[in-house]
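Have a look at the structure below, then the notes.
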Amino acid sequence: MADVDIVVRVNGQARRAKVPPRLTLADFLREKCRLTGTHLGCEHGVCGACSVVVDGEAVRSCLVFAVQADGAEVTTVEGLAGPEGELSVVQEAFREHHGLQCGFCTPGFVVSVTAFLEENPKPTDEEILEALSGNLCRCTGYQGIIKAVRAAADKAAAGEA
Ligand code: FES
Ligand code: FES
């Protein structure tokens, strides 16, 4: 099949490319956009390491073809920090509450949690656990991650974000 011209807005910047129809969004971001913060773990929708936000919704970019994102607005982990590199509330909370060890899973968690808190700014503890259930971490035992999400939500609710 012939390559397809696409334009995807990634972190506010239009990215044009001619891509094979079966190129995944994850590979498009990593290889064509050089945004390697989006990690690939399982490559079949289980681990959440490849999570990015597409038109406001967290998706697993290993399960989406780049052509499906034609015309969409995509935010990767690289797009979450402020213009001077200031950490976002969620990133800062992960740092402060030891929500990471090796860091492999971290971009996926940070992206998913950011989308989750935008949709549900005042989550219960149960909702946080449910929201985290789609991302896997082999290192932390999750306690630091859970604390980080609680702290980020509380900070946002207190108007400090
Ligand atoms: S790499 Fe996409 S869900 Fe694991
Ligand atoms: S910090 Fe290592 S996999 Fe999560």
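The values are calculated or read from the model by the stated rules, or taken from the named source; none is laboratory data. Just so it is clear, the model here is predicted, and its values are computed rather than measured. Reconstructed Cβ throughout: ideal geometry from the backbone, glycine too, with neighbour counts over all protein chains shown. Accessible surface areas use protein heavy atoms only, side chains included; no ligands, DNA or RNA. Shrake-Rupley method; radii C 1.70, N 1.55, O 1.52, S 1.80 Å.
Observations, loosely collected:
- Test for V111: is it among the β-branched types (V, I, T) and either open to solvent by less than 40 Å² (accessible area, probe 1.4 Å) or farther than 26 Å from A157 by Cβ (or both): yes
- Note on the stretch 114-145: residues that are touching a Phe, Trp or Tyr at 6+ places or on another chain (Cβ under 6 Å) and open to solvent by 20 Å² or more (accessible area, probe 1.4 Å) amount to 1.
- Condition met for E84 (open to solvent by 40 Å² or more (accessible area, probe 1.4 Å), more than 16 Å from ligand 2 (Cβ to nearest atom) and not in a loop (DSSP other than H, G, I, E, B)): no
- Checked against (1) assigned to a loop (DSSP other than H, G, I, E, B); (2) within 26 Å of D154 (Cα to Cα); (3) more than 16 Å from ligand 2 (Cβ to nearest atom), E78 passes all but a single condition, namely (1).
- Being at pLDDT 95 or above, within 16 Å of ligand 2 (Cβ to nearest atom) and open to solvent by 50 Å² or more (accessible area, probe 1.4 Å) holds for only one residue in L40, L63, L100, and it is L100.
- The one condition in (1) free of Cβ contacts under 8 Å to residues at least 24 places away in the same chain; (2) within 16 Å of V7 (Cα to Cα); (3) touching a strand residue (DSSP E or B) at 6+ places or on another chain (Cβ under 9 Å) that E43 fails to fulfil: (2)
- Verdict on E31 being without any contact (Cβ under 8 Å) to a residue 24 or more places away in the chain and open to solvent by 30 Å² or more (accessible area, probe 1.4 Å): yes
- Residue match in the stretch 47-59 (condition: free of Cβ contacts under 8 Å to residues at least 40 places away in the same chain, within 13 Å of ligand 1 (Cβ to nearest atom) and crowded, with 16+ Cβ neighbours inside 10 Å): yes
- Lone qualifier among A148, A72, A93 - being out of contact with any helix residue (DSSP H, G or I) (no Cβ under 6 Å at 6 or more places or on another chain), open to solvent by less than 20 Å² (accessible area, probe 1.4 Å), in contact (Cβ under 8 Å) with a residue 24 or more places away in the chain and among the aliphatic types (A, V, I, L, M): A72
- Residue check for K122: without any contact (Cβ under 8 Å) to a residue 24 or more places away in the chain and of a type outside the set (D, E): no
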